[in-house]
Structure formats: C-alpha cells, structure tokens
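K.L.:
Quick one: the structure is below, questions incoming.
The values are calculated or read from the model by the stated rules, or taken from the named source; none is laboratory data. In this text, all values refer to a predicted model and were calculated from it rather than measured experimentally. Glycine also receives a Cβ, built like all others from the backbone with ideal geometry; neighbour counts cover every protein chain displayed.
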Amino acid sequence: MFACCQLLIGRLIGGLVFIGSISNVFAADYFVTNGVNAISNTVPADGSRAKPWNNLQYAVNQLAAGDQLWVTPGEYHLTTPVNINSSGQYNQAITISSLPGERANTLLVGAGFSIKQQSHITIEGFTIQQAFNGIYLEGSSAKPVSHITLRNNHTFQTVQSGIAVWGVAWQQDPQQYNNLSQLTIDGNIIQQACLGEDDNANNGYNEAITVANGVHDFEIKNNQIFDGGNPRFGGEGIDLKEGVKNGSIHNNLIHGLHRRGIYLDAGGLLGFSPPFVKNIKIYNNTVHNIREAFSEQSGERLFEGAGAMAIMTEGNGSVSDIEIFDNQFFDTDEDGILIYQHPKGSGLVSKIEIHNNHIYQHKRAGILLDFASAKGIVINHNWLHHNSSNLALKQGESQQHRNFFSAP
C-alpha cells in the first residue's frame with residue numbers, strides 16, 4: 001500500500017512539473033475587427049480569425065500571459081484610451097499588434113493606449129492619430145513594473161507626447177526612482193507631437209518621447225521624430241528627466257522640430273528626493289534642421305532652445321556619467337551640444353564625455369559650455385566646423401584635445 005501511494009504521489013508531482021513546463025501552450029492568438037467587417041451578430045464571436053471580436057477594449061480585457069491580439073486593418077475611433085489592465089509573465093508577454101505590414105492601415109483615432117502598473121507588454125504596429133498621448137506608460141513605486149516594448153508605431157498630431165513613459169505620474173513622489181525598468185522604444189515614428197489643444201498650444205506639454213520619474217535600464221533606438229508643432233510649452237524630441245538612469249539613446253533620426261532634439265534635464269522642483277539623470281549613452285543619432293518658431297501675430301520668438309542637444313537641470317537634481325559619441329548634429333538655429341546652468345537649477349552636472357561627433361552648421365556654437373559648477377567635462381576627437389563658434393567654453397571645468405575644426 002505504501003509503495004502504491006508513493007507511485008501515485010510521484011506521478012502527481014511529475015504531472016505538476018510537466019504542466020508547469022508547458023504553461024505557454026495555453027497562450028492563444030486572438031483577433032479583433034473594428035466592427036465594419038464584423039460577422040453577423042447572430043454568430044457569437046470568440047476572438048478567432050473566423051469569428052473576431054468587434055470591440056478593441058473588450059478584446060484587450062480577455063488577454064492573459066502569452067496571448068497575442070491581432071488587430072485587423074481599419075479605423076478604430078476611440079473617445080478614451082485602450083487600457084491594458086493585466087500583465088504578462090517572463091517569456092510570456094501580452095502582445096497587441098497589427099497584422100504584418102498593416103501599420104498604415106490600422107488606425108486608432110482620438111485616443112491611444114494606456115498601460116498603468118502592468119509588466120511584460122508589447123505594443124506593435126499601430127498608427128495613432130489625434131490622441132492626448134499616443135502611448136502612455138506608467139509604473140509604480142509600490143510595485144515596480146518591467147519589460148515593456150513599444151515597437152514600430154506611428155503617432156500623429158498628439159496633444160502631448162507621442163510616447164510618454166513615467167515611473168510614477170507627474171507630481172507623485174517617485175520614492176527611490178526605481179519604478180519602471182527593462183523598457184524598449186524601437187522603430188517608432190513620432191510626428192507632430194505636443195501640439196496642444198488650440199492654436200496657442202495650451203496643454204501641449206512634455207516631449208515627443210518623454211521618459212521620467214524613476215525609469216532605469218532602457219533603450220530608445222531607431223525612432224524617427226519630426227514635424228514639430230508650436231513649441232510654446234513643449235516639443236523637444238527625446239527627453240530624459242527627473243530620475244532616469246542606465247539607458248541608451250541611439251540610432252534615432254530627429255529633424256524638423258522647434259525645440260532641442262535630445263534633452264537631459266535632472267529636474268527637481270517638486271520637493272521630493274533630489275532626482276538625477278545618470279549613466280546614459282547617446283550615440284549614432286542624427287539631429288538636424290531644428291528651427292526657431294515665431295508668433296504669427298506678434299512676431300515674438302515662441303521659445304529659445306532650437307539646438308540639437310542640451311544638458312541642464314531645472315531644479316536640485318544632477319546629471320552625471322553621460323557619454324555622447326558618434327552622433328551627427330547639424331543645421332540648427334542654436335547649438336550642437338549645450339551644457340547650461342538653468343536659472344532655476346541648483347543641481348550639478350559632472351562626468352560628461354563628448355567624443356567622435358560630427359557637429360556643424362549651427363548658428364550659435366558647435367559645443368557651448370556655460371555652467372559654472374560643471375566638472376569633468378571631457379571633449380575629445382570631435383569634428384567641429386562651419387559653426388558661428390565651434391567650441392565656446394565659457395564657464396565650467398573642462399578638458400579638450402584633438403578636436404578638428406575643418407570638414408572631415
């Protein structure tokens with residue numbers, strides 16, 4: 001009897017182990033249509049290709065770890081964002097995507113996606129038009145989130161960001177700034193972001209791609225950002241701010257904006273623990289054709305900051321351990337790279353290495369350092385030419401050698 005019990009228990013345990021090893025077998029592919037081509041209401045939809053669901057939010061609500069939702073071509077008119085309310089698991093992401101090659105024909109109009117406090121999510125292959133934020137992602141200090149991939153999407157005419165990533169929501173306490181990690185933003189097109197809600201760009205805050213408030217271990221790559229709107233309140237290309245570390249910005253193309261293409265701002269004006277931007281690599285990016293914009297009524301300049309890249313802190317946060325290399329920065333109304341002491345900033349800038357960049361045709365300076373307390377600014381082996389001033393080292397501790405002041 002004892003031997004029989006042992007055998008039965010062994011089989012049960014073995015079965016449990018086996019079931020655990022194939023749990024992803026139960027993941028499924030589902031389909032949703034915009035309703036125009038839906039099957040007759042007399043035929044119950046089950047999310048299969050033959051019987052797709054006809055409501056996008058409903059379809060998203062059915063997903064579990066490992067599931068893939070295929071969104072078929074069409075226009076999906078939304079009044080509120082599609083909320084993703086469940087997480088995937090390690091190696092079993094929840095994936096929501098258009099059909100292959102159908103990004104241009106799979107349109108979300110009026111709103112985009114919202115992902116709050118969820119992990120292991122992939123959003124891929126959508127055109128998102130006239131949303132407040134194209135894709136909004138928010139982490140949590142109580143339960144940090146991770147493994148989010150935003151790939152091959154096209155956002156167009158958004159009130160604020162095309163892609164907004166916040167470790168916690170703006171004005172919430174980020175605690176230790178470890179709220180969201182393992183983020184990939186890859187191959188997206190961000191067009192006409194931060195337009196605001198009227199002709200004066202009211203509410204057009206933040207940036208085309210915003211990463212802020214406790215995000216770490218991330219990669220922003222292969223994106224194109226262009227066709228900026230009114231820069232009165234926002235509109236930089238890629239902005240890292242207020243508690244961001246251990247990431248990279250590379251192989252992006254940024255052009256046709258009215259604010260800086262790449263901006264690092266430690267921030268720190270809300271009374272929380274001093275934030276930071278640190279341990280960031282910025283390489284193989286091309287930023288060009290950044291132009292000042294002027295009011296059609298008064299002729300006044302709407303914003304001063306039409307350069308390729310800037311580093312500063314608008315509060316008590318600090319920027320450190322930044323490497324900028326192998327970039328092409330050219331043809332702007334201000335600077336190739338600006339390191340500047342913001343009037344509101346009391347934080348520090350240190351350990352900035354700038355090397356092997358090609359910086360030319362800037363109307364103010366190729367590289368401008370104007371930050372009295374800056375330390376450890378190293379400028380080596382850059383090509384700087386056809387700028388109003390190639391290398392302007394006004395204030396701050398710096399070293400520079402073997403820079404070239406003619407075209408390569």
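K.L.:
Please go through the range 184-196 and pick out each residue that is surrounded by 24 or more Cβ atoms within 10 Å (Cβ to Cβ) and either of a type in the set (Phe, Trp, Tyr) or closer than 20 Å to ALA93 by Cα (or both). Full working, then the answer.
P.N.:
Let us first name the residues in the range 184-196 that are surrounded by 24 or more Cβ atoms within 10 Å (Cβ to Cβ), namely 185, 188, 190, 193-194.
Answer for the range 184-196, where residues must be surrounded by 24 or more Cβ atoms within 10 Å (Cβ to Cβ) and either of a type in the set (Phe, Trp, Tyr) or closer than 20 Å to ALA93 by Cα (or both): ILE185, ASN188.
K.L.:
So GLY101 fits all but one of (1) farther than 30 Å from GLN175 by Cβ; (2) touching a strand residue (DSSP E or B) at 6+ places or on another chain (Cβ under 7 Å); what number is the exception?
P.N.:
Going through (1) farther than 30 Å from GLN175 by Cβ; (2) touching a strand residue (DSSP E or B) at 6+ places or on another chain (Cβ under 7 Å) one by one, GLY101 breaks only (2).
K.L.:
Now, a different point. Looking for something within 17 Å of GLN224 (Cα to Cα), over 15 Å from the mean Cα position of the chain (by Cα) and among the hydroxyl-bearing types (Ser, Thr, Tyr) - is there at least one such residue anywhere in the range 143-158?
P.N.:
Within the range 143-158, not a single residue is within 17 Å of GLN224 (Cα to Cα), over 15 Å from the mean Cα position of the chain (by Cα) and among the hydroxyl-bearing types (Ser, Thr, Tyr).
K.L.:
A further question on this structure: Name the single residue, out of those in the range 290-304 being in contact with a strand residue (DSSP E or B) (Cβ under 6 Å, 6 or more places away or on another chain) and crowded, with 17+ Cβ neighbours inside 10 Å, that is modelled with the highest pLDDT.
P.N.:
My answer is ILE290.
K.L.:
Here's another thing I want to ask about it. If you take the residues in the range 148-166 that are more than 11 Å from GLY204 (Cα to Cα) and among the hydrophobic types (A, V, I, L, M, F, W, C), which one is surrounded by the fewest Cβ atoms within 10 Å (Cβ to Cβ)?
P.N.:
PHE156
K.L.:
Kindly indicate which of LYS221, LYS281 is within 21 Å of ARG151 (Cβ to Cβ) and without any contact (Cβ under 8 Å) to a residue 40 or more places away in the chain. If you could, list the steps in order and put the result at the bottom.
P.N.:
Numbers: LYS281 fails: without any contact (Cβ under 8 Å) to a residue 40 or more places away in the chain.
Matching residue, one of LYS221, LYS281: LYS221.
K.L.:
Can you work out which of the residues in the range 374-388 that are under 19 Å from ASN327 (Cα atoms) and in a loop (DSSP other than H, G, I, E, B) is farthest from the chain's Cα centre (by Cα)?
P.N.:
HIS386
K.L.:
Determine, yes or no, whether PHE371 is aromatic (Phe, Trp, Tyr) and either within 20 Å of VAL319 (Cα to Cα) or touching a helix residue (DSSP H, G or I) at 6+ places or on another chain (Cβ under 6 Å) (or both).
P.N.:
Yes: the conditions hold for PHE371.
K.L.:
Can you name every residue in the range 238-267 that is over 26 Å from SER350 (Cα atoms), surrounded by fewer than 24 Cβ atoms within 10 Å (Cβ to Cβ) and out of contact with any His (no Cβ under 6 Å at 6 or more places or on another chain)?
P.N.:
Those that are over 26 Å from SER350 (Cα atoms), surrounded by fewer than 24 Cβ atoms within 10 Å (Cβ to Cβ) and out of contact with any His (no Cβ under 6 Å at 6 or more places or on another chain): LEU253, GLY256, HIS258.
K.L.:
Could you grab me the full set of residues in the range 344-373 that are crowded, with 24+ Cβ neighbours inside 10 Å and at pLDDT 95 or above? Full working, then the answer.
P.N.:
Quick first cut of the range 344-373, residues crowded, with 24+ Cβ neighbours inside 10 Å only: 345, 347, 349, 352, 354, 357, 359, 362, 365-367, 369, 371.
Answer for the range 344-373, where residues must be crowded, with 24+ Cβ neighbours inside 10 Å and at pLDDT 95 or above: GLY347, VAL349, ILE352, ILE354, ASN357, ILE359, HIS362, ALA365, GLY366, ILE367, LEU369, PHE371.
K.L.:
Among the residues of the range 197-232, how many are out of contact with any strand residue (DSSP E or B) (no Cβ under 6 Å at 6 or more places or on another chain) and either at pLDDT 95 or above or buried (at least 20 other Cβ atoms within 10 Å of the Cβ) (or both)?
P.N.:
The qualifying residues number 7.
K.L.:
Answer yes or no as to whether TYR90 is surrounded by fewer than 16 Cβ atoms within 10 Å (Cβ to Cβ), of a type outside the set (A, V, I, L, M, F, W, C), modelled with pLDDT of 95 or more and under 26 Å from PRO144 (Cβ atoms).
P.N.:
Considered against the rule, which asks whether it is surrounded by fewer than 16 Cβ atoms within 10 Å (Cβ to Cβ), of a type outside the set (A, V, I, L, M, F, W, C), modelled with pLDDT of 95 or more and under 26 Å from PRO144 (Cβ atoms), TYR90 comes out as yes.
K.L.:
Among what's in the range 256-286 and is part of a loop (DSSP other than H, G, I, E, B) and polar (S, T, N, Q), pick the residue that is modelled with the lowest pLDDT.
P.N.:
Across the range 256-286, the extreme among qualifying residues is SER273.
K.L.:
Can you report the number of residues in the range 153-203 which are assigned to a loop (DSSP other than H, G, I, E, B) and under 25 Å from GLN117 (Cα atoms)?
P.N.:
Counting residues in the range 153-203 that are assigned to a loop (DSSP other than H, G, I, E, B) and under 25 Å from GLN117 (Cα atoms) gives 24.
K.L.:
Moving on. Considering (1) over 19 Å from the mean Cα position of the chain (by Cα); (2) assigned to a loop (DSSP other than H, G, I, E, B); (3) over 25 Å from ASP198 (Cα atoms), say which one TRP70 fails and leave the rest.
P.N.:
Going through the list (1) over 19 Å from the mean Cα position of the chain (by Cα); (2) assigned to a loop (DSSP other than H, G, I, E, B); (3) over 25 Å from ASP198 (Cα atoms), TRP70 breaks only (2).
K.L.:
Kindly evaluate GLN400 against the criterion of being surrounded by 14 or more Cβ atoms within 10 Å (Cβ to Cβ), part of a strand (DSSP E or B) and more than 31 Å from the chain's Cα centre (by Cα).
P.N.:
Criteria met by GLN400.
K.L.:
Still on this structure, please answer the following. Can you confirm whether the range 305-319 contains a residue that is under 26 Å from LEU183 (Cα atoms), among the acidic types (Asp, Glu) and buried (at least 17 other Cβ atoms within 10 Å of the Cβ)?
P.N.:
yes
K.L.:
Of the numbered conditions (1) of a type outside the set (Lys, Arg); (2) part of a loop (DSSP other than H, G, I, E, B); (3) under 17 Å from ILE367 (Cα atoms), ASN289 satisfies every one except a single condition; which is it?
P.N.:
Going through the list (1) of a type outside the set (Lys, Arg); (2) part of a loop (DSSP other than H, G, I, E, B); (3) under 17 Å from ILE367 (Cα atoms), ASN289 breaks only (2).
K.L.:
Something else: Which one of the conditions (1) in contact with a Pro (Cβ under 8 Å, 6 or more places away or on another chain); (2) crowded, with 24+ Cβ neighbours inside 10 Å; (3) at positive phi does GLY235 fail to meet, given that it meets all the rest?
P.N.:
Condition not satisfied by GLY235: (1).
K.L.:
Now for a separate question. Need the failing condition index for PRO343 against (1) of a type outside the set (Ser, Thr, Tyr); (2) under 23 Å from GLY267 (Cα atoms); (3) touching a residue at least 12 places away in the same chain (Cβ under 8 Å), just the number.
P.N.:
Status for PRO343: all satisfied but (3).
K.L.:
Same structure again: Quick test of your reading of the structure: TRP166 fulfils all but one of (1) within 26 Å of PRO274 (Cα to Cα); (2) in contact with a Pro (Cβ under 7 Å, 6 or more places away or on another chain). Name the failing condition by number.
P.N.:
Answer for TRP166: the failing condition is (2).
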